[in-house]
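Heads up: the structure comes next, in structure tokens.
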Amino acid sequence: MAEELFKEFREHSVSEFFRKNAAMLGYTGKIRSLTTIVHEGVTNAIDAAEEAGVLPKVNVIIKRVNEEPEHFKIVIEDNAAGIPKEYIPNVFGKMLAGTKLHRYMQSRGQQGIGISGSVMYGQITSGKPTTVVTSTGNGEIVRADVMIDVDRNEGKILNEEKFKGKWQGTRVEIDAKDVSYMRSRYGPFNYLRMTAIANPHTHITFVEPDGTLTVFERGTDKVPERPKPMPLHPWGIMSDDLLVLAKHTKGRTVASFLSAELSRVSKRKAEEVCRLAGISPNKKPSELTWEEAERIVSAFKQVKLYAPPTSGLRPIGAVDIENGMRKILNPEFTYSITRPPKVYRGGLPFIVEVGIAYGGNAGKVAEGKGEGEEGENEVGMELVRFANRAPLIFDQGGCAITAAIRSIEWRRYGVDPATAPITLFVNVVSAYVPYTSAGKQSIADEPEVLNEIRAAVMEAARELRRFLYRRIRLKERQERAGIFEQYLPIIAKKAAVLAGVKEPDIKLLLKKVTGVEHAKEGEN
Ligand SMILES: Nc1ncnc2c1ncn2[C@@H]1O[C@H](COP(=O)(O)OP(=O)(O)OP(=O)(O)O)[C@@H](O)[C@H]1O
Ligand SMILES: [Mg+2]
């Protein structure tokens, strides 16, 4: 029986797996699928521009194909360094491949599956390849059609042309069916608007299927500092991590391996750790056993080390968050904070930033109902989540940010989340964001991360409470003033009659008690 059954035993490529489980990459529902494609293209575009050290300029066009209702072409173009021709098949056609997965550096992408997932979605819904136009600025522009060979998890180039031109950057055109366009909270328009808020250094233009052009202008012309790689810190490392690093290291001895691959580990520290772990510092890293790796991990707990470096983290900054919120929400009150770095899982540094806006257009959640429709505006606390400056639009329920906000007793801050005109902005930055799934739309509830978000939001909420109380006091003063205004003239008149004197001029007195200048009689 078993022999029979096991004749069916097969292998699966990564591509085959994600072809069958596209939902894991965020391809569920027609609107979400479209937004996911935009998200993958735009995060790559901004990452690439930042790495090239240029101010990102991203153009997004979504247009209908053949007037079919659920068939669109999605075009995303950037001004980054371009992609060398020989890497085109691997960038767009190989899943789990890229320049970001093996280094600890803050970037929007970290898995090497984003854009190849979009190519796959296009391919399985429309049967069409993705067109890539790219140039590294060498005077030659390459245009190629790419499809994924699912069995092999490899990219195939169908047509390739080269022409001369001075342009530099990358343009990706994905043809996808089973998607629909809407201007709702979950649609591409809102996604790009949120990207603009969290990336004031990025210029975005967007053309919607009906031809409407929107330009999200830059709020700053400062080229952000390039992200810096931050190697793992020994406090956050496990035996398995160590063995994986040992396999790929250039270090020839365990001592040089430890100091080269981990942060805050000098050669001397590495030798001390080897001594404590009872391992020769000259041993070859590739010969480390599991038990030895365990001993190294525990030896690291006995030596003194500097805390993990955080110099590679690139938060948005409180000033830019506040400017972004003012520009887009026009609120009565805003407050923003970028908290100092913290560490989760012992050695992975992260920073939480929070902005809170009250009044104006804050808290107005546009729920579009139909194609191109704005939808009705309902007011209530709106939460906008970001990870490494990329908007998180979906899977709100399972996210640590949501959990942190739900755990706060808002009444203590004078707020009813169901009706308050509040927009709450939370950005978590890290070289390694603990996402709950490959779709990268929600953050896992690592206790340190959750607590830090909670503390940051409470700090902002305290400032809001101060503002709200000041407003209440002002209102009370105005009401009191109103009472005086109403009754003082009557009392003055009656008192004058009783005392048999001329009615006094009470304007000065009114001003004193109410703090308001009063018009002379006859004036309006
Ligand atoms: N517009 C672009 N310009 C330059 N390089 C790019 C561009 N888009 C993608 N790449 C390269 O292709 C690789 C694969 O991209 P992909 O989106 O699949 O993965 P990723 O961004 O590394 O991680 P994630 O899966 O989290 O998005 C990137 O790591 C990057 O090296
Ligand atoms: Mg990506």
Problem - Those aspartates and glutamates that a straight Cα-Cα span of less than 18 Å connects to K166, excepting residues fewer than 8 apart in one chain - result: E77, D78, E140
Practice task
Could you state the angle between the C-alpha long axis of helix 447-499 and the longest principal axis of the C-alpha atoms of the chain, as a value from 0 to 90 degrees rounded to the nearest 10?
Solution key: 10 degrees
Practice task
Show the residues, 5+ positions off or on another chain, whose built amide H is closer than 5 Å to the amide H of R185.
Solution key: G368
Completion exercise
Excluding near-sequence neighbours (fewer than 8 apart on one chain), the stretch 382-524 holds lysine pairs with C-alpha atoms under 19 Å apart numbering 13
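Kindly state, to the nearest 0.05, the FRET efficiency for R226 paired with E3, given R0 = 60 Å and r defined as their beta-carbon distance.
Values: r = 58 Å, r/R0 = 0.97.
The value I calculate is 0.55.
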Fill in the blank from the handout: Short to long, in 20 Å steps from zero, the percent of alpha-carbon pairs of the chain per bin is 19, 43, 25, 8, 4, 0
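How much length, in nm to one decimal, is gained on full extension between T249 and K284, taken as 0.36 nm per residue of separation minus their Cα-Cα distance?
On the way: separation 35, 0.36 × 35 = 12.60 nm, distance 1.04 nm.
That works out to 11.6 nm of additional length.
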Fill in the blank from the handout: Here the stretch 3-9 yields Karplus 3J(HN,Hα) values (6.51, -1.76, 1.60; θ = phi - 60°; whole Hz; Gly and Pro given as x) of 3, 4, 4, 6, 5, 7, 5
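Would you mind classifying the stretch 299-435 by shape? Square roots of the alpha carbon gyration tensor eigenvalues, ordered a ≥ b ≥ c; an a/c under 1.5 is rounded, otherwise it is prolate if a/b is larger than b/c and oblate if not.
Details: a/c = 2.12, a/b = 2.05, b/c = 1.04.
Prolate, since a/c reaches 1.5 and a/b exceeds b/c.
Which order do the peptides 138-145, 406-413, 118-125 take when ranked by the mean count of other beta-carbon atoms within 10 Å per residue, highest first?
Details: 138-145: 16.4, 406-413: 13.9, 118-125: 24.0.
Going by the mean number of other Cβ atoms within 10 Å, highest first, we get 118-125, 138-145, 406-413.
Counting helices only, and only those DSSP H runs with n ≥ 4, report the 222 nm mean residue ellipticity of the chain as the sum of -39,500 (n - 2.57) divided by its residues, in deg cm²/dmol to the nearest 500.
Values: 14 runs with 185 residues, N = 524.
Using -39500 (n - 2.57) per qualifying helix, the result is -11000 deg cm²/dmol.
Contact order normalised by length for the chain, with contacts defined as Cα pairs under 8 Å and 6 or more residues apart; what percent is it?
Numbers: 1079 pairs, mean separation 66.4, N = 524.
RCO, the chain: 13 percent.
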Problem - For the stretch 234-300: rounded, prolate or oblate by the Cα gyration tensor [a/c cutoff 1.5] - result: rounded
Completion exercise
Long-range amide H partners of Y104, meaning residues 5 or more apart or on another chain whose placed amide H is closer than 5 Å, are M230
Completion exercise
Relative to the chain, whose Cα atoms define the longest principal axis, helix 30-52 and its Cα axis are tilted in degrees, nearest 10, by 80 degrees
Problem - Ordering of 247-254, 202-209 by burial proxy (mean other Cβ atoms within 10 Å per residue, highest first) - result: 202-209, 247-254
Exercise for the section: Pull up all non-local amide H partners of G169: gap of 5 or more, or a different chain, and H-to-H distance under 5 Å with H placed in the peptide plane. Expected result: G82, S135, G137
Completion exercise
Beyond 21 Å (Cα-Cα) in this structure, taken from K269/K301; K94/K156; K222/K364; K73/K128; K156/K228; K20/K100, we find K222/K364; K156/K228; K20/K100
Practice task
For R264 paired with L55, estimate the spin-label separation in nm (one decimal), with each label point 7 Å from Cα along the Cα-to-Cβ line.
Solution key: 3.7 nm
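Where a number appears in this text, it was derived from the coordinates with a stated rule and is not lab data. The structure displayed is predicted, hence computed values, not measured ones. Positions of Cβ are generated from backbone atoms using ideal geometry, with glycine treated the same way; all protein chains shown enter the neighbour counts.
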